[in-house]
Amino acid sequence: MTATPSIDAFAAAPLFPLFADLHGRAVLVVGGGTVARRKVEALLEAGAQVSLGAPEVQPALRQLIERGRLQHRRGEFEPAWLDDAWLVVAASNAAALNRKVADAATARGIFVNVVDDIDASSFHVPARVRRGRLQIAVSSGGAAPVLARRLRERLEAELPESLENLAELFARERARIGRRFPRTGERRRFFERLLDGALPKLLQAGDAEGARAAFERALAAGAPEAKPGSVALVGAGPGDPGLLTLKALRALQDADVILHDRLIGTGILDMARRDAERIDVGKRVGENHDATQARIHALMLHHARASRRVVRLQGGDPLVFGRGGEELEFLRAHGIAYSVIPGITAALGSAAAAGIALTDRRHAHSVTLLAARGSETPDWRALAAPHQTLAVYMGVGELESLSESLIQHGRGADTPCVLVENASLPDERKFAGTLAGLPALARAQGVRAPALLIVGEVAAQAQRALRVERCRGGDVSIAQAA
């Protein structure tokens, strides 16, 4: 027997965006006041056949009834009003009546919107920006309608009215474009060239004749040749989607294929093109990492040679403690066009989270990025020198030996340290302590990867910064060890 999802599970799920074709279809609106009028006007604009159920209606609705644009069902709600209805809107000023309508509609499997009642609604009406046929809907699922309206206002101000003419042009010429470019890839390249060219600017300037001429020239010229495939090594930063660079965002939105690490969150992947193929190529504990890397190389080569735009998406920066160098060498050896889009590496993201400067000139003459796991023994004597900052990657499992080696080679046992787990993410944690007490601190707090360790005099700033955050009531996890 299949378990029924909890109410909390439904509440957390996003709404599925849907544009409904209501032209000629029956819709019932219950209510006769101002809210009902607004709903009726929007439905009539969409071409729906609207019935209005209410004992009395306001004058504006009465006029629509008298002009034959609206059917009036006078009296109290009856379930029979739902016959043949595709959608139902409960917009009366009586909550009990609205719930009654919603229950009756739900029992018949009809989508219903109840004004100001999220729980009773099976569909929501979004805030909308319209430019003719082009519509942009903004919805918070009913949780924050003022926020949705504010975003709509910003879009209204930023999007030119000429988008309506652009959408109309494409609608009129849809059949011709389809005949001229029967293949999906050709059509996409045609539209990309058209939208990146002079046509939108000509329409925005009110030059309809110039825009028509530009369209005809583009149609006659045919689709641009498919560009050779390429690979972009893209840094995703420490995890917060807001820390992506603009160039990284553009690469994700242009990508045909995304080869991503295991720890890349859905918040970042959701910013990519919806129809891009997403392939998890992350390395896992216990796997043969060389074999996994060989698969990554093979996938890059296969898709690039198929004229696809490939994004190799890696956490942090692709050229810092990843295998980006090997990937670049492989791409060059096989003649594949490539680019590198840097990301905010974990050392910078963790330092920002802890509120410290890695190269504060009062305390540090240099900063060293160090991988705790590697095939060669580090120069511990050089690393133990004072007045430098160590940013240690992949060190959660090596804290005991790391601490002992640095102290044995001259670094003070009381050297300040800060450990940042899941930097920039909602479950970020920060711990301040000393080099000697670091392993016990990490064990006591159950620190797990991904976490970055910062060692050096600059880390003393973290203790002060974390205390300030705690005093201000921030959600800060802080511990200290002697």
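Computed from the coordinates by the stated procedures, all read-outs in this text should not be read as laboratory data. Source: prediction; values computed, not measured. Note that we place each Cβ from the backbone using ideal geometry, even for glycine, and neighbour counts take in every protein chain shown.
Each Lys or Arg adds one and each Asp or Glu takes one away; over the other residues whose Cβ falls under 15 Å from the Cβ of residue 250, this sums to -1.
In this structure, residue 149 and residue 372 have a Cβ-Cβ separation that, at R0 = 60 Å, corresponds to a calculated FRET efficiency of about 0.75.
Straight Cα distances below 18 angstrom link residue 283 to the aspartates and glutamates 261, 317, 326, 327, with same-chain residues fewer than 8 positions distant left out. The trypsin sites (Lys or Arg not before Pro) of segment 231-275 that meet both conditions, a loop assignment by DSSP and at most 16 other Cβ atoms within 10 Å of the site Cβ, are 262, 273, 274. Taking every DSSP beta bridge that has both ends in the chain, the antiparallel portion is near 35%. In this structure, the amide hydrogen of residue 87, modeled 1.01 Å from its nitrogen in the peptide plane, lies closer than 5 angstrom to those of 28, counting only residues at least 5 positions away or on a different chain.
Stretching residue 205 away from residue 227 to a fully extended chain increases their span by 4.8 nm, per 0.36 nm per residue minus the current alpha-carbon distance. In this structure, residue 128 and residue 329 have a Cβ-Cβ separation that, at R0 = 35 Å, corresponds to a calculated FRET efficiency of about 0.10.
For the pair residue 84 and residue 290, a Förster radius of 56 Å applied to the C-beta separation gives a FRET efficiency near 0.30, rounded to the nearest 0.05. Exposed loop sites are taken as GluC sites (Glu not before Pro) in a DSSP loop (any state but H, G, I, E or B) with at most 13 other beta carbon atoms within 10 Å; the longest stretch of the chain without one runs 377-482. Per residue, the average separation of C-alpha pairs within less than 8 Å and at least 6 apart gives the chain a relative contact order of 9 percent.
The Cβ shell under 15 Å around residue 162 holds other residues with a net charge of -2, Lys and Arg each +1, Asp and Glu each -1.
Pick the calculated Cα Rg over 2.2 N^0.38 Å for this structure from [x] 1.31; [y] 1.04; [z] 0.97? The listed entry that was calculated here is [x].
Between residue 117 and residue 254, residue separation times 0.36 nm minus the direct Cα-Cα distance comes to 45.4 nm. Inter-label distance, residue 41 to residue 187: 3.6 nm, where each label sits 7 Å from its Cα along the C-beta direction. Each part reduced to its alpha carbon centroid, segment 225-248 and segment 317-356 end up 11 Å apart. Placing a label point 7 Å from the Cα of residue 74 along the Cα-to-Cβ direction, the residues of segment 29-64 whose backbone N falls under 13 Å of that point are 54-57, 62.
Loop-located trypsin sites (Lys or Arg not before Pro) in segment 352-405 (DSSP state not H, G, I, E or B) with no more than 16 neighbouring Cβ atoms inside 10 Å: 361, 362, 373.
Computed from label points 7 Å out along Cα-Cβ, the spacing between residue 176 and residue 157 is 3.8 nm. Distances between placed amide hydrogens fall under 5 Å for residue 110 paired with no residue 5 or more residues away or on another chain. Distance between the 7 Å Cα→Cβ label points at residue 379 and residue 408: 1.9 nm. Each residue of segment 177-187 is assigned a 3J(HN,Hα), and the resulting list reads 5, x, 5, 6, 10, x, 8, 4, x, 5, 4 Hz, derived from the Karplus form 6.51 cos²θ - 1.76 cosθ + 1.60 (θ = phi - 60°), x at Gly and Pro.
Of all DSSP-defined beta bridges confined to segment 355-471, some 75% are antiparallel rather than parallel. Each Lys or Arg adds one and each Asp or Glu subtracts one; over the other residues with Cβ under 13 Å from the Cβ of residue 385, this totals 0. Take the Cα of residue 108, step 7 Å along the line toward its Cβ, and report every residue of segment 43-76 whose backbone nitrogen sits under 12 Å from that point. Once the point is set 7 Å along Cα→Cβ of residue 108, 51 turn out to lie under 12 Å by backbone N, inside segment 43-76. List the aspartates and glutamates whose alpha-carbon lies under 20 Å from that of residue 201, not counting same-chain residues fewer than 8 positions away? Qualifying aspartates and glutamates at Cα under 20 Å: 156, 158, 161, 164, 168, 173, 192, 209, 216.
The loop-placed trypsin sites (Lys or Arg not before Pro) in segment 157-186, going by DSSP, that have at most 13 neighbouring Cβ atoms within 10 Å of their Cβ come out as 183.
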